[in-house]
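In what follows, a single structure is set out as structure tokens and then discussed.
No value in this document is a laboratory result; all are computed from the given coordinates. Since the model is a prediction, treat every value here as computed from it, not as a measurement. Cβ sites come from the backbone with ideal geometry, for glycine too, and all protein chains shown count toward neighbours.
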Amino acid sequence: MTKTLFTPIRIGDVTLQNRIAMAPMTRNRSPGAVPNDLNALYYGQRGTAGLVITEGVTPDAGGRGYIDIPGLYDAAQVAGWRKVAGAVHAKGGKVFVQLMHTGRISHPDFLDGGTPVAPSAVAARGDIFTKTGPKPMPVPRALDASEIPAVIATYGRAATLAVEAGLDGVEIHGANGYLPSQFLSTNANLRTDEWGGSVENRVRFLLGAVRAAAEAIGPGRVGVRVSPGSTFNDIADTDPEATLTAIANALRGQGLAYLHLVGGAYGYDAAGIARRIFDGPVILNGGYDAARSEADLAAGRADLIAFGSSFLANPDLPERLRTGAALNAPDATTFYGGDARGYTDYPTLAEVDAAAE
Ligand SMILES: Cc1cc2nc3c(=O)[nH]c(=O)nc-3n(C[C@H](O)[C@H](O)[C@H](O)COP(=O)(O)O)c2cc1C
């Protein structure tokens, strides 16, 4: 096996020690929306990745959507992220923060009683977990066209703060049914102005967020994650292939750090479209092991592979992939919220060996 996974690669302005990325994963362990020492320990444990992509992080107080997720809009948060950056850098890894405005996937409980905003006043079906239990997601308030530039600008401000905190870049979360993905969709976006309707119009918000971040910190520190075809968070798109094609065309030629596809069976060759049209590094994700990673890297389908639940459960995942060692199994009951258990206490190989002696 050629082990391309373990060769360095340059993405945009950043050189990575290997082609293994930690996929973004919300863990709901930052009370007060401020990254803390436990969060820094968790990310630092996983810093042997080439690229750590953090959990979804709120770029603005108006974009909050889940319990105890961290933000990046004030000085305390910058100080918290500085600790995360230091912990990852100490292991040789680079770290991008995933900027996630949740849009309609929210509740007034997260917004001081305010109504979540979205492209259109269409509620997502389903409940959201709040501090007082699951509650139906409310009908969001449709953003007025005059308000949209200010929402887009929050991505630029958060990107500036990311670099101030010593982080290496940002990933714009355009996937999984959050605000940019709501704009991209044909069921959550019913607008008839320049932000809705044609695919070019539906891509405009995502592109605006990417440009705001790129203008703030340079395109080589900005990556983009999309999932066209995913129905997660009650999203639907009548022609996801056309949407991804439009996104890849809109993002090419800008010197961006990468395009990252969420894995999934979307019924078309999403990875092939990304590769053919986008002119920067491509990250693929979803159920990868070492053999499949090497095969996709060798075939030129991807430049990096992102690992989610396996990285969550294996702080030393790169070492285990390199040596073919067995993996710890992730415990889904401790994914979202809680303390060190199921977060920073998954053993490394060395710890497993020591326990066996
Ligand atoms: C606990 C958990 C939290 C997640 N949170 C996020 C998130 O904040 N942002 C995001 O883009 N994807 C999120 N995902 C999706 C992962 O990034 C990834 O796409 C998914 O786990 C599939 O990859 P895997 O098969 O390697 O686990 C999350 C996944 C898990 C398991």
### Query
By the scheme Lys and Arg +1, Asp and Glu -1, what is the net charge of all other residues having a beta-carbon under 15 Å from that of V203?
0
### the range 4-356 - charge dipole about Cα centre, Lys and Arg +1 at Cβ, Asp and Glu -1, debye rounded to 20
240
### Task
Using a 10 Å cut-off on Cβ atoms, rank the peptides 280-288, 296-304 from the highest mean neighbour count down.
280-288, 296-304
### Task
Kindly express, to the nearest 10 degrees and within the range 0 to 90, the angle between helix 75-89's C-alpha long axis and the longest C-alpha principal axis of the chain.
30
### Query
Using mean Cβ contacts within 10 Å as the protection proxy, how do 216-223, 36-43, 129-136, 97-104 order, highest first?
97-104, 216-223, 36-43, 129-136
### Task
Calculate, in nm to one decimal, what A295 and A329 gain on full extension: separation in residues at 0.36 nm each, minus their alpha carbon distance.
9.9 nm
### Query
So for the pair T7, T231, with labels modelled 7 Å out along Cα→Cβ, what separation do we get in nm?
4.0
### Query
Taking Cα pairs under 8 Å and at least six residues apart, what relative contact order does the chain come out at, in percent?
17
#### Entry: Debye, to nearest 20: dipole size of the range 233-357, +1 on Lys, Arg Cβ, -1 on Asp, Glu Cβ
440
### Message
Place a point 7 Å from Cα of A355 in the direction of its Cβ. Which residues in the range 281-323 have their backbone N less than 13 Å from it?
### Response
314-315
